[in-house]
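Asks: For reference, the structure I am asking about is given below.
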Amino acid sequence: MTVAAADAFTARHGAAPSGVWFAPGRVNLIGEHTDYNDGFVLPFALPHRAVVAAAPASGPVSRVRSAQEPSVAEFTAASVVPGDVDGWAAYVAGTCWAFREAGYPVGEVELELDSDVPVGAGLSSSAAVECAVGVALAGLAGVEVDPTELARIARRAENEFVGAPTGGMDQMAAVHGRAGRLVFLDTRDDTVELVPFDLPAHGCTLLVIDTRAPHAHAGGEYGARRRDCEEAAAALGVPALRDASLADVERLADDRVRRRARHVVSENERVLEVVRRLRDAVDPRAIGPLLDASHTSMRDDFEITVPHVDVAVAAARDGGALGARMTGGGFGGCVIALVPATATAAVSASVERAFADRGWTAPVVFPGTPSDGAGRLA
Ligand code: ADP
Ligand code: MG
C-alpha cells in the first residue's frame, strides 16, 4: 500500500515522520452480543487499516489531523483528561490519556491519520484509530507494550474518554489479528487463540456486504439487550449468561428475556463449534450452517436485524452462499457470506439485484481477508 499518511506528514512538516504505524478494522465471524456476557467471539482483522504517521512535536502542544476530517485538533497529550476533547479527535486524545494512565511516558506529537476502514459500518474504524495511535505512542516512547495491554488501553479510551460503552473485542482483534487466522477470544479472561482460517486453500471467499442501511435506535436497543441479559443471568443465579446452559434458559418465565438468553447461550455454543471444526482443519465450508443459525437467532430471538440485513442474507444464500449472517451489533451494518470462490460474482449480483429491486442504496461488497494486526509500517 502507499503510505499516504507519511507523504502528508512529510509535505506538511518538510521532514519525514519518526515512524508510521497501523491498526486494522475487523469483522466478527461469529459470536454476537456474547462479549458483555463473558462469552466467546471470533473476529479477524481486515486488510483495511488506520495508518498513523507521527513525530515528537517541537512545541508544548500536540496537533493531530485526519485525511478524512477537515479540522485540526490541538491538545496537550501530557495533561489531557476526559472532557477536554470531543469529536473524532477524542479517539486520538483519549488514547494519549489512557496510555499515560497506564504509566507510560507521553510527549507532545505531530500526527497524521489516514484510514480506509469504512466509518460507522460496524467494521470498527474507531478501534483501528485507537490501536494505531497506541502502537505509535509506544513506538515514539520506545517502550514495548504487550498487545493485550495495548488493546485494554485503547478500549479505555473508547469507554472513558469518548464515552462509548463497548466491549473489548474490536481492540483485541485489531492488535492480535494475523493473516490467515481468526482471533478466538474468551472475553471472560481475555485469553486469545489464533485459529487457522485458510479460505483460498479450500476454494472459498468470505464476502463482506456493507448494506449501507441507515442505523436506527442502535444505542437504546443495545442498552435494552444488555439489561435483558443481566436480568436473565440474575434470574438463573449465574454470574453471566456464559455460565448458563440451554436447559437453564428454558426455565426463564418471561418470553422476551428467555429468547434473549437463548440467543446468547446458543451463540456461545456456535462459536465453540466453529472453533472445533476449524481447529480440526476441516474444510471451512463446514461452518456454513452455523453462520445461518446465528443469523436466525439474531433475527428471531435477539431481534437485532433490520430488513436490509435480512434481505442481504437471503439474497446471498439465493446466489449460492454456503452460509450468511449479519455481523456486528445490529440494526444495520454488514453481512458476511461464506462463498465458493466460483460463486462470488453470482452472490454479489444477487444481493445487488435484491437491493436495486427495492430502490435501496447499492451495497458495497468486498472480500474479507484475515490480515495482520497492529504494527509498525516504516
Ligand atoms: P465504527 O463501527 O466504524 O467503529 P464508531 O461510531 O464506533 O463506528 O466510530 C466511528 C468514529 O471514529 C467516527 O465518527 C470518527 O469520530 C472516528 N474515526 C474513525 N475513523 C476515522 C478517521 N479516519 N479519521 C478521523 N476519525 C475517525
Ligand atoms: Mg467503533
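Asks: By how many nm would the segment from residue 269 to residue 283 grow when fully extended, if each residue of separation counts as 0.36 nm and the alpha-carbon distance is taken off?
Replies: Numbers: separation 14, 0.36 × 14 = 5.04 nm, distance 1.95 nm.
Value of the extension gain: 3.1 nm.
Asks: Continuing with this model, one more query. Stretched out fully, how many nm does the piece from residue 86 to residue 303 gain, at 0.36 nm a residue minus the Cα gap? Mind showing how you got there, number by number?
Replies: Details: separation 217, 0.36 × 217 = 78.12 nm, distance 3.21 nm.
74.9 nm is the gain from fully extending residue 86 to residue 303.
Asks: Taking R0 as 25 Å, what FRET efficiency do you get between residue 164 and residue 310 from their Cβ-Cβ distance, rounded to the nearest 0.05?
Replies: On the way: r = 26 Å, r/R0 = 1.05.
Taking R0 as 25 Å, the efficiency between residue 164 and residue 310 is 0.45.
Asks: What are the residues whose amide H is under 5 Å from the amide H of residue 19, where those residues sit 5 or more places off or on another chain and H is modelled from the backbone?
Replies: Distant-sequence amide H within range of residue 19: 54.
Asks: Further, regarding this structure: Taking only the alpha-carbon positions of segment 258-378 and ignoring solvent, what does the Debye formula give for the base-10 log of I(q)/I(0) at q = 0.17 Å⁻¹?
Replies: -0.91
Asks: Sequence-distant or interchain residues sharing an amide H contact under 5 Å with residue 323, placed H: which?
Replies: Placed amide hydrogens put 338 under 5 Å from residue 323.
Asks: Which FRET efficiency value, to the nearest 0.05, do you get for residue 227 and residue 188 by plugging their Cβ-Cβ distance into 1/(1 + (r/R0)^6) with R0 = 30 Å?
Replies: The pair residue 227/residue 188 has a calculated efficiency of 0.90.
Asks: Principal axis lengths of segment 212-279 from Cα atoms, whole Å, largest first?
Replies: Principal-axis extents of the Cα atoms in segment 212-279, largest first: 36, 34, 19 Å.
Asks: Moving on. So what is the relative contact order for the chain, in percent, with contacts set as C-alpha pairs under 8 Å and at least six apart? Working shown, then result.
Replies: Details: 864 pairs, mean separation 85.6, N = 378.
Answer for the chain is 23 percent.
Asks: Starting from the amide H of residue 41, placed 1.01 Å from N in the peptide plane, find each other amide H under 5 Å away whose residue is 5 or more places distant or on another chain.
Replies: 185, 187
Asks: How big is D, in µm² s⁻¹, for segment 191-230 by Stokes-Einstein at 25 °C and 0.890 mPa s if Rh is the Kirkwood radius over C-alpha pairs?
Replies: Result for D is 171 µm²/s.
Asks: Mark the label point 7 Å from the Cα of residue 67 along Cα→Cβ and return the residues of segment 1-39 whose backbone N is within less than 15 Å of it.
Replies: In segment 1-39, the label zone of residue 67 (backbone N under 15 Å from the point 7 Å along Cα→Cβ) covers 1-12, 17, 20-25.
Asks: With each pseudo-label sitting 7 Å past Cα toward Cβ, what's the residue 247-residue 58 distance in nm, one decimal?
Replies: Roughly 7.3 nm, to one decimal.
Asks: Need one number: nm distance between label points at residue 360 and residue 101, each 7 Å from Cα along Cα→Cβ, rounded to one decimal.
Replies: 3.8
Asks: Please pull out the direction-averaged projected area of segment 2-194, using the convex hull of its alpha-carbon atoms, in nm² to one decimal place. Walk me through the numbers before you get to the answer.
Replies: Details: hull surface 40.6 nm².
Answer in nm², one decimal: 10.2.
Asks: Counting just the Cα atoms, what span does the chain cover along each of its three principal axes? Round to the nearest Å and put the largest first.
Replies: Result for the chain: principal-axis Cα extents of 61, 49, 42 Å.
Asks: Which distance in nm do the two modelled labels at residue 376 and residue 16 give, with both placed 7 Å along the Cα-to-Cβ direction?
Replies: In this crude spin-label approximation the distance works out to 1.3 nm.
Asks: Classify segment 1-115 as rounded, prolate or oblate, taking a ≥ b ≥ c as the square roots of the eigenvalues of its Cα gyration tensor: rounded when a/c is under 1.5, otherwise prolate if a/b is larger than b/c and oblate if not. Kindly include the intermediate steps, with their values, before the conclusion.
Replies: Values: a/c = 2.31, a/b = 1.42, b/c = 1.62.
Because a/c hits 1.5 or more and a/b fails to exceed b/c, segment 1-115 counts as oblate.
Bear in mind these aren't lab numbers, they're just calculated from the coordinates by the rules spelled out. Given the structure is predicted, the values throughout are model-derived calculations rather than measurements. Cβ atoms come from the backbone with ideal geometry, glycine included; neighbour counts cover every protein chain shown.
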